[in-house]
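Below is one structure, written out as structure tokens, with a few remarks after it.
Throughout, read-outs are computed from the coordinates displayed, never taken from laboratory work. These numbers were taken from a predicted model, which means no experiment stands behind them.
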Amino acid sequence: MRPGVELVADTIGLEEAIAEADLVLTGEGSVDGQTLQGKTPAGVAAIAQRHCVPAAVFGGLITADALPFASESVSLVCITPAGQPLADAVRLGHENLRQAVADWVGHRVAESSG
């Protein structure tokens, strides 16, 4: 028995793809303590860390028990704007994600060029 993320990563060549990447983006609906217990974003981020590739984990919600997951090379990014009602967050999830990714990548580009 082994974690599903390892099986999928091996099957699709994720290790090799990340080794050649400049940046890794992953996520799930709620990034929480369970994420750290072997869920896909943790597995993807671990591979990125092994290859010194910065990673961002996007979530509709980031709980306090997930904060130890963040590091210099792994960013946790909540896609839901502060105060947005849950029904709106679900309905607008795709747009919230698009905006959060654009903001995060834009910030990284500004940091690297400035």
Open item on the list: What are the ³J(HN,Hα) couplings of segment 11-22, residue after residue, when phi is run through the Karplus curve with 6.51, -1.76, 1.60 and θ = phi - 60°? Round to Hz, x for glycine and proline.
Closed with: 5, 9, x, 4, 4, 5, 5, 5, 4, 9, 8, 9
Task: Under-5 Å amide H pairs with A56, H placed in peptide plane, nonlocal only - done: V24, L25, T26, S75
Task: Global size of the chain as Cα Rg and Dmax, reported in angstrom - done: 14.5, 47
- [ ] Evaluate segment 12-55: find the radius of gyration of its Cα atoms, find its Kirkwood radius, and give the ratio Rg to Rh.
- [x] 0.97
Task: Residues whose placed amide H lies under 5 Å from that of L92, excluding near-sequence neighbours - done: none
TODO: Would you look at the GNM of the chain, springs on alpha carbons closer than 10 Å, and say which of A87, A66, A48 moves the most?
DONE: A87
Open item on the list: For G33, what residues show an amide H to amide H distance below 5 Å, using hydrogens built from the backbone and excluding near sequence neighbours?
Closed with: D65, A66
Task: Residue-by-residue Karplus 3J(HN,Hα) for segment 88-96, coefficients 6.51, -1.76, 1.60, Hz, glycine and proline x - done: 5, 4, 5, 5, 9, x, 4, 6, 4
